[in-house]
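Undergrad: First, the structure itself, so that you have it in front of you.
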Amino acid sequence: MHPILFEIPGLGFPVRSFGVMLALGFLLGSHILSRLVAKHSSDPARDVERYGAIPVWVLVGLVSGARLMYVVVEVARGSDTGHSYLANPLKILAVWEGGLVMYGGYFGALVGGMWCARRHGLRVYHAADLGAVAGFFGQAVGRVGCLLVGDDYGSIVPKAWEHLPFPLTVRVPNPLPEHSLFGAENAGQLLWATQPMMSIKALIVASLGLWLLKRRRYEGQVALTCLLTYSVLRFTVELFRGDAVRGVWFQGRISTSQMIALVSGSLALALLARNWRRRDEIPAT
């Protein structure tokens, strides 16, 4: 694990692996979005240009939404982290220290992207479909940063399952590298590899959305299906998490992300069921 990749010579400024992987994920998602727009558009040359501003607003919504939800959860829990934000609000801006709730990022990215699409006169739900697929491909790369920095780590693997290989389990380095978020108590331990699981989860969601794009019966169906699938898989991965920073409720019975998964997954399922017989005429590509 490498929380700090290197320092810029002469400046001593650390280049953090989490930020690098987040940037690479953003670039990959932006590239895939432009390819999807060119493929699923009746006017590719014009639409690729009009869609150009969406990734920027998606990134703003992603980081802002993910950070805001994390802060709200920590303040609501009354944790030490939450108290530190109330005492020093400027610490909220320190996203490089970790602390992002990806459900907040998902909804923030969705709002930012759809707002930009409406502003540029694009088909909003069509843009949401394309953005969901591209975004989850990007998230698969960005989640590698969680592994490199030690964020979102899993619980200790029971002895009966210690034979399982990576990416299901991961051996934490001992000693831990500086700035690692794995926690000193996990040094040398075999943990569930929840960070790679997150990347695999994102790839599954993105691949399903990509397959459905050619078969969708109305615009918005892909985004709803991605949300439902993500909610189910995220709820499952949370069962293997071991970090308390994610927020646990009801004496540790359920995490913040699991509660959000129940709500968002139920909403997506209800909307999909409501539109089960819907057949819209989608402009030819």
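Undergrad: Search the stretch 156-207 for residues being hydroxyl-bearing (Ser, Thr, Tyr) and modelled with pLDDT of 95 or more, and hand back the single one that is farthest from residue 255 (Cα to Cα). Steps first, answer last, please.
TA: Looking only at the stretch 156-207, we keep the residues that are hydroxyl-bearing (Ser, Thr, Tyr), and these are 169, 180, 194, 199, 207.
Those left that are additionally modelled with pLDDT of 95 or more: 169, 194, 199, 207.
On the way: 169: 21, 194: 14, 199: 19, 207: 27 Å.
Checking each candidate, the answer is 207.
Undergrad: In addition: When you scan the stretch 108-123, how many residues do you find that are part of a helix (DSSP H, G or I) and farther than 18 Å from residue 267 by Cβ? First the steps, then the outcome.
TA: Just the residues of the stretch 108-123 that are part of a helix (DSSP H, G or I), to begin with: 108-119.
Those still in the list that are farther than 18 Å from residue 267 by Cβ too: 112-113, 115-119.
Final tally of qualifying residues: 7.
Undergrad: Only residues that are of a type in the set (A, V, I, L, M) and more than 16 Å from the chain's Cα centre (by Cα): list them for the stretch 209-241, please. Talk me through it step by step, then tell me what you get.
TA: Step one: of the stretch 209-241, the residues of a type in the set (A, V, I, L, M) are 210, 212-213, 222-224, 227-228, 232-233, 237, 239.
The answer is 210, 212, 213, 222, 239.
Undergrad: If we keep just the residues of the stretch 150-187 that are outside any loop (DSSP other than H, G, I, E, B) and in contact with a strand residue (DSSP E or B) (Cβ under 7 Å, 6 or more places away or on another chain), which is surrounded by the most Cβ atoms within 10 Å (Cβ to Cβ)? Don't jump to the end; show me each part of the working.
TA: Step one: of the stretch 150-187, the residues outside any loop (DSSP other than H, G, I, E, B) are 154, 156, 159-161, 169-171, 184-186.
So of that shortlist, the ones also in contact with a strand residue (DSSP E or B) (Cβ under 7 Å, 6 or more places away or on another chain) come out as 154, 156, 169-171.
Details: 154: 25, 156: 15, 169: 19, 170: 23, 171: 12.
Applying the filter and picking the extreme gives 154.
Undergrad: Could you check, for the stretch 73-90, whether at least one of its residues is touching a residue at least 24 places away in the same chain (Cβ under 8 Å), under 18 Å from residue 219 (Cα atoms) and among the aliphatic types (A, V, I, L, M)?
TA: no
Undergrad: Six or more apart or on different chains, Cβ under 8 Å: which pairs go from a residue in the stretch 112-133 that's β-branched (Val, Ile, Thr) to one that's in a helix (DSSP H, G or I) and surrounded by 23 or more Cβ atoms within 10 Å (Cβ to Cβ)? Could you list them?
TA: From the stretch 112-133, the pairs are 124/117; 133/206; 133/209; 133/222; 133/226.
Undergrad: Then there's this: Please state which one of 48, 63, 56 is within 21 Å of residue 123 (Cα to Cα) and at pLDDT below 85. Outline the logic, then answer.
TA: Values: 63 fails: within 21 Å of residue 123 (Cα to Cα); 56 fails: at pLDDT below 85.
Exactly one of 48, 63, 56 is within 21 Å of residue 123 (Cα to Cα) and at pLDDT below 85, namely 48.
Undergrad: When you check residue 105 against the structure, is it over 20 Å from the mean Cα position of the chain (by Cα) and outside any strand (DSSP E or B), yes or no? Spell out how you get there, then give the answer.
TA: Numbers: over 20 Å from the mean Cα position of the chain (by Cα): no; outside any strand (DSSP E or B): yes.
The answer is no for residue 105.
Undergrad: Output the residue which, of all residues in the stretch 34-60 that are under 18 Å from residue 282 (Cβ atoms) and among the hydrophobic types (A, V, I, L, M, F, W, C), is surrounded by the fewest Cβ atoms within 10 Å (Cβ to Cβ).
TA: The selected residue is 38.
Undergrad: Right, another one. Condition first: free of Cβ contacts under 8 Å to residues at least 60 places away in the same chain and under 22 Å from residue 139 (Cβ atoms). Now tell me which residues in the stretch 179-197 satisfy that. Don't jump to the end; show me each part of the working.
TA: In the first step, residues of the stretch 179-197 are kept if they are free of Cβ contacts under 8 Å to residues at least 60 places away in the same chain; the result is 184-197.
Of everything in the stretch 179-197, those that are free of Cβ contacts under 8 Å to residues at least 60 places away in the same chain and under 22 Å from residue 139 (Cβ atoms) turn out to be 191, 192, 193, 194, 195, 196, 197.
Undergrad: While we're looking at this one, here's another question. Go through the stretch 208-222 and count every residue that is surrounded by fewer than 24 Cβ atoms within 10 Å (Cβ to Cβ) and within 24 Å of residue 104 (Cβ to Cβ).
TA: So the first thing to find is which residues in the stretch 208-222 are surrounded by fewer than 24 Cβ atoms within 10 Å (Cβ to Cβ), and the list is 208, 210-221.
Narrowing further to those that are within 24 Å of residue 104 (Cβ to Cβ): 208, 220-221.
Going through the stretch 208-222 one residue at a time, the tally reaches 3.
Undergrad: Go through the stretch 232-280 residue by residue and tally those that are modelled with pLDDT under 85 and of a type in the set (D, E, K, R).
TA: Counting residues in the stretch 232-280 that are modelled with pLDDT under 85 and of a type in the set (D, E, K, R) gives 3.
Undergrad: List the number of the failed condition for residue 147; all other conditions in (1) more than 13 Å from the chain's Cα centre (by Cα); (2) more than 22 Å from residue 224 (Cα to Cα); (3) not in a helix (DSSP H, G or I) hold.
TA: Here residue 147 clears every test but (3).
The values are calculated or read from the model by the stated rules, or taken from the named source; none is laboratory data. Just so we're clear, the structure is a prediction, and the values are computed from it rather than from any experiment. Positions of Cβ are backbone-derived with ideal geometry, glycine not excepted, and every protein chain shown enters the neighbour counts.
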